[in-house]
Amino acid sequence: MPASLADERWVQYGVEGAEIRVATGAATCPSAEVDGKTLALRERSAPGPDFPVRVCAVSLPGGAKSASVGGESLPLPKARPQKILLIGDTGCRISNLQAQACNDPHAWPFADGSIAAARDVPDLVIHVGDFHYRERACPLADKGCKDSPYGDTWKVWTADFFDPARPLLKAAPWVMVRGNHEECGRGGKGWSRALDPYPFRSATGCLGLGEPFPVDLGGVTLFVMDTSTAGEVRINAEQAARYRTQFDSMARLAPAGPIWIAAHRPIRSVAARLLNIAVGGNATLAAASPAIPDRVDLLLAGHLHTFQILDFAEPHPVQVVSGNGGNELHLTASNQPAGLSVHGLTIREGRGASGVFGYAMLERGADDGWRIAARSYDGKTLVECGLAGRRIDCR
């Protein structure tokens with residue numbers, strides 16, 4: 001196999017818990033060494049057109065103290081992660097209308113940003129979706145993305161995600177959230193083969209929408225939710241009914257204690273402001289949101305290419321948006337959205353950091369309280385807020 005098909009190794013949460021995954025150009029799946037025992041990885045997806053790798057997986061036993069593949073150590077889950085890194089919308093956009101300068105680390109800084117974020121030593125990384133953006137060939141006259149691969153292929157998944165994300169993949173286990181760029185008609189083949197938390201079904205080649213599943217964060221239950229196709233501008237009644245059922249199920253599926261939800265599309269956000277009305281959010285999810293259980297305190301999302309945190313005058317979880325990981329930024333997003341109305345609710349307190357690439361870090365305090373900080377890739381703290389239930393206190 002060509003040297004370009006070097007193995008990728010990472011740990012992520014699937015529907016059955018933490019898994020070791022490997023993408024390899026070898027003819028068979030490798031084995032893992034876990035606490036001195038050998039575990040054989042099973043084939044998840046076989047090589048196929050545009051994907052000359054097999055993806056392999058094995059469940060990671062709870063409480064494992066060490067794990068490695070091919071002599072390379074892997075990061076292990078922590079029962080109570082203290083530092084949770086939130087990042088999203090990291091790929092480099094090449095579409096019919098836009099061509100980001102993927103070869104310029106200032107215009108597309110995800111690779112350098114991944115190194116910087118890894119230095120923050122997270123215990124867990126949550127990627128809130130949109131990994132894959134190179135959908136079209138680079139225009140011939142555009143030298144900023146010259147020679148970029150494109151389409152839903154392994155070369156693109158390597159360029160858009162695995163190569164730049166490698167420092168963070170080595171730093172901590174991941175939670176992968178599906179974005180609208182991972183829909184089946186876009187980057188869904190690579191997503192389904194490699195990163196989807198559900199088992200791969202070779203007959204379809206791309207997985208449909210999955211049901212939410214819980215991840216135990218130690219005193220907090222995180223539900224991972226697939227909102228990749230949720231109707232945004234107009235309410236999709238069929239989808240809204242499905243999401244209401246999913247929201248309603250979370251209180252039954254989670255033990256006592258607070259609940260967080262990680263989903264790509266924010267329910268309510270401020271992409272821009274028109275008079276005193278916020279433009280942003282998702283009409284279908286907003287229609288379903290009355291079914292969100294009272295124990296849900298926090299919504300984690302991307303989709304909007306900025307950082308934003310909002311709480312509301314009416315009963316509703318705090319909304320965090322961390323979609324400034326690498327794709328072209330949304331410069332119209334409001335940094336002071338308090339008082340604006342969005343999908344029938346009023347923003348009580350809110351902060352933003354538009355026009356800056358970066359990520360967010362959630363840190364657990366000694367009293368199990370949390371703080372969240374939006375950080376630029378060059379190390380600046382842009383926004384910092386305390387979290388108390390459904391309220392934020394920012395500076």
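Details
- What the pair-distance distribution of the stretch 30-133 shows, using all Cα-Cα distances binned every 5 Å from zero, is 2, 9, 13, 15, 17, 19, 13, 7, 3, 1, 0 percent.
- Computed [θ] at 222 nm, helices only, for the chain once each DSSP H run of length n ≥ 4 contributes -39500 (n - 2.57): -3000 deg cm²/dmol
- Each residue of the stretch 212-223 is assigned a 3J(HN,Hα), and the resulting list reads x, 9, x, 10, 7, 9, x, x, 9, 9, 9, 9 Hz, derived from the Karplus form 6.51 cos²θ - 1.76 cosθ + 1.60 (θ = phi - 60°), x at Gly and Pro.
- Karplus-derived 3J(HN,Hα), 6.51/-1.76/1.60, for each residue of the stretch 44-58, Hz, glycine and proline x: 8, 9, 7, x, x, x, 6, 10, x, 10, 9, 9, 10, 8, 8
- Ranking 118, 39, 356 by how far each Cα lies toward the positive end of the dipole of the chain (charges on Cβ) leaves 356 at the top.
- For the stretch 1-77, the Cα gyration tensor yields ellipsoid semi-axes of 22, 13, 10 Å (square root of five times each eigenvalue, largest first, whole Å).
- For the stretch 78-394, the antiparallel share of DSSP beta bridges with both residues in that region comes to about 65%.
- Once the Cα atoms are used to define both axes, helix 237-253 deviates from the longest principal axis of the chain by about 80 degrees.
- Partners of residue 189 within straight-line reach, counting aspartates and glutamates whose Cα lies under 14 Å from its Cα and excluding those fewer than 8 residues away in the same chain: 50, 130, 135, 152.
- Evaluated at q = 0.15, 0.19, 0.28 Å⁻¹: base-10 log I(q)/I(0), Debye formula over Cα of the stretch 238-283: -0.56, -0.77, -1.04
- Taking the Cα centre of the stretch 219-347 as origin and assigning +1 to Lys and Arg Cβ atoms and -1 to Asp and Glu Cβ atoms, the resulting dipole is close to 120 debye.
- In terms of distances greater than 25 angstrom between alpha carbons, the cross-link table entries 37/78; 155/380; 78/380 yield 155/380; 78/380.
- Binned Cα-Cα distance frequencies in the stretch 78-394 - 10 Å width, integer %: 6, 29, 37, 23, 5, 0
- Straight-distance candidates among the aspartates and glutamates for linking to residue 65, with alpha-carbon spacing under 12 Å and chain neighbours fewer than 8 residues away dropped: 33, 35.
The numbers here are math on the coordinates, done by the rules we state, and not lab data. Please read all numbers here as calculations on a predicted model, not as lab measurements. Here Cβ is always computed from backbone atoms with ideal geometry, including for glycine, and neighbour counts include all displayed protein chains.
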